Amino acid sequence: MKELFVGIMSGTSLDGIDAVLVDFSAERPAQLAHAHQPYASTLRDELTALCASGPDEIHRSQRAAIALAHMSAELVSGLLAAAGLSAADVSAIGCHGQTVRHMPDAGYTLQINAPSLLAELTGIAVVADFRTRDIAAGGQGAPLVPAFHAHVFSDATRSRVVLNIGGMANVTLLAPGEPVRGFDCGPGNVLMDGWIARARGLPYDADGAWAATGKVDLRLLDGLLSHPFFARQPPKSCGREQFNLDWLDSLLSGNERAEAVQATLAELSAVSVCQALASAGFSADEIAVCGGGALNTHLVRRLQVHTRTQVVSTAQWGVAPDSVESLAFAWLARRTLRGEAGNVADVTGARGARILGAVWPA
Ligand SMILES: Nc1ncnc2c1ncn2[C@@H]1O[C@H](COP(=O)(O)OP(=O)(O)OP(=O)(O)O)[C@@H](O)[C@H]1O
Ligand SMILES: [Mg+2]
């Protein structure tokens, strides 16, 4: 008997929505279909604007949430068609929503989402609002993926690091017989995306090809690495609140070559991850990368230079790098329906294990 779930993720890169259809009936999750829908530029601009305060933002955020629900419902119907299934076959959709504020120290995080509408449009139960319970329990509400990473990537003999490079970067540390650890490391793609958008009007630096033409500016790199977030001990999580172009601008002299800035931002993403692993005192036998940053060959090469550990794609561990995060939210939705905790309290800093999110019945 199949146990089918959909996971829907839209991360801090604001690139679009990833959706996956997965069967959890076997020991390992079996991915039946995956789809990615990029945001139209108008929606992307609106979501970007909603990440900062602005006029009429309550109304605008709800309009955007409705647009996201319609996009998500289209993706779900595409997944079902691709797999030859119907809505009645699916137990639930785990839908993360689009983060527009992540302020755990102020006691909240906000993902815009319209789970009632998504349930109406799809006829499938929706599980959403995954992060707020962990924050209510004193945690960061992030990262939430380590429990899933542990479930699929733990190895009986080798110490592994799972490195997700989305808008932000986060790691999960998996050592045989030890508790799962994990934390956000800092910016993944967000600054590189922002810089190439401003300098060249492109959404991202494909393969890191532009960064590869620049020379790292060590003065700038030092300035970037002096952000207090990097020195903070876990539990910790970050967002566009900390890492954004205004912060980058405050450290630029104005004389840098544009490609040198891009090279330095790629170097920042690579170096900050390696420093975080070193300060966690974790010695990994292998590192696997997932998220869109896994496709940035320049960045992966720089990671390989800075760490003495072999860096591979999670594809080599059996899960396509662009599906890991959406699979995690399908898995977290299943945990919620089963009354099982989804957070790892040692990772988020919550007072204990908590069942995450709420259910909007079909
Ligand atoms: N071919 C590529 N070369 C370089 N970078 C790429 C490529 N494809 C995607 N990316 C990068 O990956 C980003 C999207 O990654 P992803 O969807 O994992 O991030 P996200 O939505 O922020 O996810 P999350 O916050 O859940 O980790 C893009 O914004 C871009 O920077
Ligand atoms: Mg994304």
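The values are calculated or read from the model by the stated rules, or taken from the named source; none is laboratory data. Since the model is a prediction, treat every value here as computed from it, not as a measurement. Backbone-built Cβ (ideal geometry, glycine too); neighbour counts: all protein chains shown. These accessible areas exclude ligands, DNA and RNA; they are computed on the full protein's heavy atoms, side chains included. Shrake-Rupley method; radii C 1.70, N 1.55, O 1.52, S 1.80 Å.
Annotations for the structure displayed:
- Peptide ranges 169-178, 9-18, 302-311 listed from the most packed, as the mean C-beta count within 10 angstrom indicates: 9-18, 169-178, 302-311
- Placed amide H near N189: partners under 5 Å, 5+ positions off or other chain: G166, G167, M168
- For the chain, the mean residue ellipticity at 222 nm estimated from helices alone is -11500 deg cm²/dmol, where every DSSP H run of n ≥ 4 contributes -39500 (n - 2.57) and the total is divided by all residues, rounded to the nearest 500.
- Using only side-chain charges placed at the Cβ, +1 for Lys and Arg and -1 for Asp and Glu, the dipole size of segment 243-362 relative to its Cα centre rounds to 440 debye.
- In the chain, taking the dipole from charged Cβ atoms about the Cα centre, the farthest positive-side position among H227, A83, V126 is held by H227.
- Across the accessible surface of the chain, with the other protein chains kept in place and a 1.4 Å probe, carbon and sulfur atoms take up 52 percent.
- Between segment 1-44 and segment 325-362, the Cα center-to-center distance that results, in Å: 16
- 3J(HN,Hα) along segment 51-67: 6, 10, 5, x, x, 6, 6, 5, 4, 4, 5, 6, 4, 5, 4, 5, 4 Hz, from the Karplus curve 6.51 cos²θ - 1.76 cosθ + 1.60 with θ = phi - 60°, whole Hz, x for Gly and Pro.
- Nearest-20 debye value, the chain charge dipole, Cβ charges on Lys, Arg, Asp, Glu: 480
- In the context of the full set of protein chains, residues of segment 169-230 present 43 Å² of accessible surface per residue (probe radius 1.4 Å, heavy atoms only).
- Per residue, segment 234-362 exposes 41 Å² of solvent-accessible protein surface, assessed with a 1.4 angstrom probe and all protein chains in place.
- Compared with the dominant Cα axis of the chain, that is its longest principal axis, helix 258-279 is turned about 70°.
- Listed residues A136, M192, N164: farthest to the positive end of the dipole of segment 114-206 (Cβ charges): M192
- Charge dipole of segment 215-362 about the Cα centre (unit charges at C-beta), most positive-ward option of W247, A320, G357: G357
- Database remark: amide H of G182 closer than 5 angstrom to the amide H of L173 (H placed geometrically; neighbours at sequence offset of 5 or more, or on other chains; Pro and chain starts carry no H).
- For the pair segment 184-212 and segment 116-152, the centres of their Cα atoms are 28 angstrom apart.
- Rolling a 1.4 angstrom probe over the protein heavy atoms with all chains in place gives segment 24-115 an accessible area of 49 Å² per residue.
- In terms of accessible area, using a 1.4 Å probe and ignoring ligands and nucleic acids, L118, L225 rank largest first as L225, L118.
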